[in-house]
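The values are calculated or read from the model by the stated rules, or taken from the named source; none is laboratory data. Because the structure is predicted, anything quoted here is derived from the model rather than measured. Note: ideal-geometry Cβ built from the backbone for every residue, glycine included; neighbour counts use all protein chains shown.
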Amino acid sequence: MLERFRHGWRQVVTPPARLLLSLGISPNAVTWAGTLALVAVAFLTVPYGLLWQGALGMGLLVLSDSIDGQMARLSGRTSRYGAFLDATLDRVSDAAVMTATLVHLVQVGAPSVLVGVAGWALAVGQITSYVKARAEAEGFRADVGIAARADRLVVVLLGLLLAGLGVPWAVEVAVVLLAAAGTVTVAQRLFAVRAQAELLTQQ
């Protein structure tokens, strides 16, 4: 849902992208730095109960995530490896956020079923991305769905932020929403690819 704002956001990150390029910093270096910083923030805050601090820190890093891509476009240094690296490290970042959230739920004594739902939310988030990548490798499009990466991150970070501000059930609601929306998104993408495949066989 939030993918529609991608173009406008690129205009916002253009000034910092130009600044980093002027300093001689490469897009891939920014990709690595952003991922490592997000992983560090996730595991040094959320498991220790610093929920709103972690949510804000990770939120800022997520917002800056598109800087590397804009740097590549501005410098004419876009590459297949850069796209591959960015997509791979996005999965690392997503896993770190969800794993830290799962650890938090365990530490606060959340019901086992909720911990299981959190685990499924983590898994289905990765599956969602895999389905898209695999579909594209086969020549299909699978960018449909109610919960793209940006949507999932907004939900979990908002849940952590509200929980840190005194609404403890916000994380639980966020986890359930992520698990449900992720499952629906995987189904939507599977059906979309199936429809495309069937159309090809009829031609």
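Which is crowded, with 21+ Cβ neighbours inside 10 Å, modelled with pLDDT of 95 or more and of a type outside the set (A, V, I, L, M), of GLY164, GLY125?
Values: GLY125 fails: modelled with pLDDT of 95 or more.
Exactly one of GLY164, GLY125 is crowded, with 21+ Cβ neighbours inside 10 Å, modelled with pLDDT of 95 or more and of a type outside the set (A, V, I, L, M), namely GLY164.
Can you find a residue that is closer than 17 Å to LEU50 by Cα and either in contact with a strand residue (DSSP E or B) (Cβ under 9 Å, 6 or more places away or on another chain) or modelled with pLDDT under 95 (or both) anywhere in the range 169-179?
yes
Do we find that ALA96 is of a type in the set (A, V, I, L, M) and farther than 24 Å from GLY145 by Cα in this structure? Outline the logic, then answer.
Details: of a type in the set (A, V, I, L, M): yes; farther than 24 Å from GLY145 by Cα: no.
Taking the combined requirement at face value, the residue does not satisfy it.
Only one of these is at pLDDT 95 or above, more than 23 Å from LEU61 (Cα to Cα) and either in contact with a Cys (Cβ under 8 Å, 6 or more places away or on another chain) or of a type in the set (D, E, K, R) (or both): ARG189, ARG141. Name it.
ARG189 is the lone residue from the list that is at pLDDT 95 or above, more than 23 Å from LEU61 (Cα to Cα) and either in contact with a Cys (Cβ under 8 Å, 6 or more places away or on another chain) or of a type in the set (D, E, K, R) (or both).
Among the numbered criteria (1) among the hydrophobic types (A, V, I, L, M, F, W, C); (2) under 26 Å from ALA181 (Cα atoms); (3) surrounded by fewer than 20 Cβ atoms within 10 Å (Cβ to Cβ); (4) over 14 Å from the mean Cα position of the chain (by Cα), which one does LEU44 miss?
(2)
Kindly indicate which of LEU51, LEU89, LEU38, LEU61 is without any contact (Cβ under 8 Å) to a residue 40 or more places away in the chain, under 25 Å from GLY182 (Cβ atoms) and surrounded by 18 or more Cβ atoms within 10 Å (Cβ to Cβ). It would help to see each step written out before you state the result.
Values: LEU51 fails: without any contact (Cβ under 8 Å) to a residue 40 or more places away in the chain; LEU89 fails: without any contact (Cβ under 8 Å) to a residue 40 or more places away in the chain; LEU38 fails: without any contact (Cβ under 8 Å) to a residue 40 or more places away in the chain.
So the residue among LEU51, LEU89, LEU38, LEU61 that is without any contact (Cβ under 8 Å) to a residue 40 or more places away in the chain, under 25 Å from GLY182 (Cβ atoms) and surrounded by 18 or more Cβ atoms within 10 Å (Cβ to Cβ) is LEU61.
Could you go through the range 9-16 and let me know if any residue there is surrounded by fewer than 19 Cβ atoms within 10 Å (Cβ to Cβ) and either among the polar types (S, T, N, Q) or modelled with pLDDT of 90 or more (or both).
Yes, the range 9-16 contains a residue that is surrounded by fewer than 19 Cβ atoms within 10 Å (Cβ to Cβ) and either among the polar types (S, T, N, Q) or modelled with pLDDT of 90 or more (or both).
State whether the residues of the range 132-150 include one that is without any contact (Cβ under 8 Å) to a residue 60 or more places away in the chain, surrounded by 17 or more Cβ atoms within 10 Å (Cβ to Cβ) and closer than 19 Å to VAL39 by Cα.
For the range 132-150, residues without any contact (Cβ under 8 Å) to a residue 60 or more places away in the chain, surrounded by 17 or more Cβ atoms within 10 Å (Cβ to Cβ) and closer than 19 Å to VAL39 by Cα: present.
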